[in-house]
Amino acid sequence: TKRVALLISGGGSNMVSLAQSMTGDHPARPALVVSNRPNAGGLAKAEEMGIDTALVDHRPFGQDRAAFERDLNRTLEQVDPDIICMAGFMRVLTPVFIDRWAGRMLNIHPSLLPKYRGLHTHARALEAGDAEHGCSVHEVTAELDGGPLLGQARIKVEDKDTPETLAARVLEWEHKLYPAVLRRFAEGDRSLLLMP
Ligand code: GAR
């Protein structure tokens, strides 16, 4: 059975959908949920599901990303995960950290990559007048939101959409896409999954 560590910063709805998917004949199980924010709502949700949690607060380290990542690595190494899923984890990681877990780390991003790397993806898609928007799961490499694509779900943008309505519809697809990609990844399948 593959051990999965989940990195969160916020509400953790993607973490919940991933954790709930890892049952029965699924080849992986959730081993640890790590948050970099003490007030992340996902921490309580993980505890309710009986998953071990850890807090690695980035704030005491200030600008020292290397020191934060050493702490994060120590925490992760205690469970020695086969797969790390970034699920709304809002810290940029350095190449040193990413190399340590090369080939084992996934991220979900709320845009149709390679469009709109970084933040405010829903507002940017609306401002651009895009007819379609969506979410992507990719392997994490040193290039921010730039690693090999593993899955993508696409939705239509409606005239009446705001960043909030769009974010909510994309999030529903995140909850379908990410568990599906994780399962395939855990089975060794890195081919592109397109939804719906
Ligand atoms: C999700 O929409 C995820 O795609 C996004 O943050 C949200 C987290 O929600 N991630 C990023 O923007 C990464 N740069 P959640 O905590 O409920 O899963």
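The values are calculated or read from the model by the stated rules, or taken from the named source; none is laboratory data. Everything numeric in this text was worked out from a predicted model, so none of it was measured. In this analysis, Cβ positions are derived from the backbone assuming ideal geometry, glycine residues included, and neighbour counts consider all displayed protein chains. Ligands, DNA and RNA are excluded from the accessible area calculation, which covers all protein heavy atoms including side chains. Shrake-Rupley method; radii C 1.70, N 1.55, O 1.52, S 1.80 Å.
Side notes on the structure shown:
- In this calculation the C-beta distance from E143 to Q78 is compared with R0 = 35 Å, giving a FRET efficiency of 0.80.
- Built amide H within the under 5 Å cut-off of M86, gap 5+: L7, L106, N107, I108
- The chain: relative contact order in percent, alpha carbon pairs under 8 Å with at least 6 residues between: 20 percent
- Top of P27, P163, P60 by mean-square fluctuation, Gaussian network on the chain, Cα under 10 Å: P60
- Distance between the pseudo-spin-label points of H120 and M90 (7 Å out from Cα toward the beta carbon): 1.4 nm.
- Förster radius 41 Å - calculated FRET efficiency between E158 and R59 (Cβ-Cβ, nearest 0.05): 0.60
- A convex hull fitted to the Cα coordinates of region 156-196 yields 66 cubic angstrom per residue.
- Take every pair of alpha-carbon atoms less than 8 Å apart whose residues are at least six positions apart; their mean separation over the length of region 1-75 yields a relative contact order of 29 percent.
- Surface share of carbon and sulfur [accessible, 1.4 angstrom probe, percent] for region 50-196: 53 percent
- The chain, helix-only ellipticity at 222 nm - DSSP H runs n ≥ 4, -39,500 (n - 2.57), divided by all residues, nearest 500: -10500 deg cm²/dmol
- The C-alpha atoms of region 96-189 occupy a region whose extents along the principal axes are 43, 26, 16 Å, arranged from largest to smallest.
- Under Karplus coefficients 6.51, -1.76 and 1.60, residue-wise ³J(HN,Hα) of region 132-145 in Hz, glycine/proline x: 10, 8, x, 9, 9, 10, 9, 6, 8, 10, 5, 7, 4, 6
- Overall Cα dimensions of region 1-54, principal axis frame, Å, largest first: 33, 16, 15
- Largest-first ellipsoid semi-axes for region 1-131, taking √(5λ) over the Cα gyration tensor eigenvalues, angstrom: 24, 20, 15
- Separation in nanometres of the label points that stand 7 Å from Cα toward Cβ, at W101 and R29: 2.0 nm
- Residue list for region 1-37, given a label point 7 angstrom along the Cα-to-Cβ vector of D189 and an amide N cut-off under 18 Å: 2, 18, 21-29
- Here each label is just a point 7 Å from Cα along the line to Cβ, and for A44 and E127 those points are 3.4 nm apart.
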